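Remarks on the structure that follows.
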Amino acid sequence: MGATSLVAGRENRISPNGPEHGGRGVPLFGWSWVWRQEVRWVHIPFTIDGDKLFTPTTQWPQRCACCGESHDGEEHVLTCRLQTSYVDTGVYKSETGYSVGFSVPYCTECKKHANPVMILRVWAYVLGFALWALVGYLLFINGMGEGVVGIGLFLGTGVLLGAGSHVVSKRGVERVSTSKMKATCANNDWALSGSPVESAWRIRFHDDRYANDFAWMNGLDLFAPNDGGDSTDGQGPAT
């Protein structure tokens with residue numbers, strides 16, 4: 001159905017810095033905040049013929065998908081994967097499927113602050129789990145592996161290390177990534193992501209303007225989480 005642009009009259013550049021940037025906070029243990037970010041998305045249809053997957057050619061707004069400024073010819077390859085089969089025999093694992101890469105305009109500065117985010121998040125929790133395993137081993141070799149006190153210490157340490165890993169991850173991302181963001185950046189991580197849905201790639205955008213322009217350029221419906229599941233047609237470049 002026809003409708004006005006989702007971004008008409010309200011730009012929604014979402015940043016992880018607080019509610020003034022569109023985020024919604026949930027208090028964690030009274031001293032930490034987790035921001036739930038809302039995004040817009042489109043569906044790019046694909047077809048499978050035999051062992052080949054076909055995706056239509058897409059056009060992208062020629063500006064950085066994160067900050068909206070010039071991308072100086074730089075790009076980020078957004079890779080989407082569709083798994084069609086998975087086998088785990090206990091001896092080996094095997095999976096088959098398809099993947100497609102979308103070349104998205106992305107400036108060098110935004111790639112620098114987006115690249116380390118996932119690594120920082122993962123390694124904080126990997127370190128926390130390793131320390132938890134070490135605590136369990138020390139309790140076991142000291143004969144406290146089965147006692148109530150030992151189990152309580154093990155579980156309590158797990159909770160503390162989990163909370164600590166969250167804080168370390170958050171602080172690491174703020175120091176290494178968020179601090180390098182421009183005022184116009186849409187996200188500290190990559191500003192768009194993709195995954196398969198029913199015979200289509202769902203591409204999610206953290207910048208309303210970019211999402212609107214992409215939908216308009218490719219003749220796609222633009223979906224929003226708070227609009228009752230309805231969609232609108234892109235109505236031309238946002239101004």
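By per-residue mean of other Cβ atoms within 10 Å, what is the highest-first order of 39-45, 62-68, 135-141?
So the peptides 39-45, 62-68, 135-141, ranked by packing, come out 62-68, 39-45, 135-141.
Report the residues of the stretch 44-76 in range of a label on Ser199: point 7 Å along Cα→C-beta, backbone N strictly under 12 Å from it.
Only 45-49 fall inside the zone, counting backbone N under 12 Å.
Modelling each spin label as a point 7 Å along the Cα-to-Cβ direction, I'd like the Val167/Leu155 distance in nm, to one decimal.
Distance between the two pseudo-spin positions: 2.3 nm.
For the stretch 75-135, what is the convex hull volume of its Cα atoms per residue in Å³? Mind showing how you got there, number by number?
Values: hull volume 6.8 nm³, N = 61.
Output value, Cα hull per residue: 111 Å³.
Can you sort Lys112, Lys93, Lys170 from fewest to most other Cβ atoms within 10 Å of each residue's own Cβ? Write down the numbers at each step before the final one.
Working: Lys112 12, Lys93 9, Lys170 20.
With the sparsest Cβ surroundings first, the list reads Lys93, Lys112, Lys170.
Can you give the net charge of the other residues whose Cβ lies under 14 Å from the Cβ of Glu174, counting K and R as +1 and D and E as -1?
Values: positive: Arg121, Lys170, Arg171, Arg175, Lys180; negative: Asp189.
Summing Lys and Arg as +1 and Asp and Glu as -1 gives +4.
When the Debye formula is applied to the Cα atoms of the stretch 117-176, each taken as the same point scatterer, what base-10 log of I(q)/I(0) results at q = 0.12, 0.13, 0.16, 0.21 Å⁻¹?
-0.34, -0.39, -0.53, -0.74
Taken together, the values in this text are just the output of simple stated rules run on the coordinates, not laboratory data. None of these values were measured; they are calculated from a predicted model. Neighbour counts run over all protein chains shown; Cβ positions are idealised from the backbone, glycine included.
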